[in-house]
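Structure first, commentary second.
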Amino acid sequence: MKLNFDNNFKLTDTVEIPCIGYGTWQTPSGDVARECVKNAIKAGYRHIDTAAIYGNEEDVGTGIIESGVSREKIFLTTKHWISERGYEKTLKAVDDSLKRLKTDYIDLYLIHWPCVEKISPDWKEINASTWAGFEKAYKDGKIRALGVSNFLPEHILALEETAEIKPCVNQIEFHPGYYQPENVKWCIEHGMTVEAWSPMGSGAVLNDYTLNKIAKKYNVSAGQVCIRFALQSGVLPLPKSTNADRMKLNLDVFGFELSEEDMLAIRTMPPVGYSTFHPTEAPADAL
Ligand code: A2P
């Protein structure tokens, strides 16, 4: 199938998600985040990704309202932070996010980081009780789709031992130079949509020689090659930019197609741009 901007990913029987999202990690709260979100919507984005820990949910909410585009036309994702683990705290976290975002529903809500064995021997129970809160908020109509972020297959399988509703998304670090192929393959085969955070390695991969050589061949930028690499890998990219021209550029990725040879060259690039945030190693509260 030829990719185009209108190809949504299907999350559930009733929920579809636009195939490129606008990422807001590290976008400073206040005027910057608000203007960025307005500019992104103006540029054509209809899918915005934020998180409670980013500290910019209020500005994302205001930006959406001030954009003049109706709420139903925007797909909005936010994430549950690790300090809010457990059933009751999760219910409150959902309501707090809704209030900050100034909306009465979240399109997609993600567990931001799994609780893992290294953090607690009760990690499975902790994730399960958080998930039970997700399911309650879903049943109450506050969330349209439920997912996870930074999970490995072992964490997803553990969650599914008690989950009534299976997670439909895993959002992970994915970019040339660090693209977690086993995790991506497993999730897709498991029927999940994989989303890429830092699809350009937070900018760290953009000077890479191979990427720039490929970009030149197609007369595009290294950033566009990164977005295309995600899409052609079956992964939904969430590029972040505070610059209105680059926001547009990052959506302008449907006029070229990377050859299989170039995809292979990207897949076999030496490691570059890895954030060092790993579910089982990084202290999640270092984010
Ligand atoms: P800026 O905000 O000045 O555009 P990621 O999406 O992987 O997190 O990468 C985001 C980083 O890459 C930001 O520093 C952003 O800077 C930069 N960036 C985003 N899009 C592009 C692009 N098309 N070309 C070059 N740099 C870009």
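The values are calculated or read from the model by the stated rules, or taken from the named source; none is laboratory data. Just so we're clear, the structure is a prediction, and the values are computed from it rather than from any experiment. Note: ideal-geometry Cβ built from the backbone for every residue, glycine included; neighbour counts use all protein chains shown. All accessible areas refer to the heavy atoms of the entire protein, side chains included, with ligands and DNA or RNA removed. Shrake-Rupley method; radii C 1.70, N 1.55, O 1.52, S 1.80 Å.
Looking for something touching a Pro at 6+ places or on another chain (Cβ under 6 Å) and small (Gly, Ala, Ser) - is there at least one such residue anywhere in segment 134-141?
No, segment 134-141 contains no residue that is touching a Pro at 6+ places or on another chain (Cβ under 6 Å) and small (Gly, Ala, Ser).
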Task: Leading residue by the ranking (farthest from LYS10 (Cα to Cα)) among those in segment 136-149 that are buried (at least 18 other Cβ atoms within 10 Å of the Cβ) and not small (Gly, Ala, Ser) - done: LYS142
Open item on the list: Given the condition within 16 Å of the ligand (Cβ to nearest atom) and of a type in the set (Gly, Ala, Ser), answer yes or no: does some residue in segment 154-171 qualify?
Closed with: no
TODO: Answer yes or no as to whether THR276 is touching a helix residue (DSSP H, G or I) at 6+ places or on another chain (Cβ under 8 Å), open to solvent by 20 Å² or more (accessible area, probe 1.4 Å), among the polar types (S, T, N, Q) and assigned to a loop (DSSP other than H, G, I, E, B).
DONE: no
TODO: Of all residues in segment 205-237, count the ones that are more than 30 Å from ALA145 (Cβ to Cβ) and more than 8 Å from the ligand (Cβ to nearest atom).
DONE: 14
Task: Candidates LYS118, LYS185 - the one that is away from the ligand (no atom under 16 Å from the Cβ), open to solvent by 60 Å² or more (accessible area, probe 1.4 Å) and farther than 22 Å from GLU84 by Cβ - done: LYS185
Open item on the list: Checking the structure you have, find out if any residue of segment 195-202 is more than 16 Å from the ligand (Cβ to nearest atom) and surrounded by fewer than 24 Cβ atoms within 10 Å (Cβ to Cβ).
Closed with: no
TODO: Scan segment 181-209 and report the pairs whose first residue is more than 19 Å from ASN7 (Cα to Cα) and whose second residue is among the β-branched types (Val, Ile, Thr) and at pLDDT 95 or above, with Cβ atoms within less than 6 Å and a gap of 6+ or a chain change.
DONE: VAL184/VAL194; CYS187/VAL194
- [ ] Could you check how many residues of segment 54-79 are under 11 Å from THR24 (Cβ atoms) and either more than 18 Å from the chain's Cα centre (by Cα) or in a helix (DSSP H, G or I) (or both)?
- [x] 5
Open item on the list: So in segment 1-40, with the set limited to residues that are more than 16 Å from the ligand (Cβ to nearest atom) and open to solvent by less than 10 Å² (accessible area, probe 1.4 Å), which one is nearest to PRO167 (Cα to Cα)?
Closed with: VAL15
Open item on the list: Condition check: open to solvent by 10 Å² or more (accessible area, probe 1.4 Å), closer than 26 Å to GLN232 by Cβ and at pLDDT 95 or above. Does LYS73 satisfy that?
Closed with: no
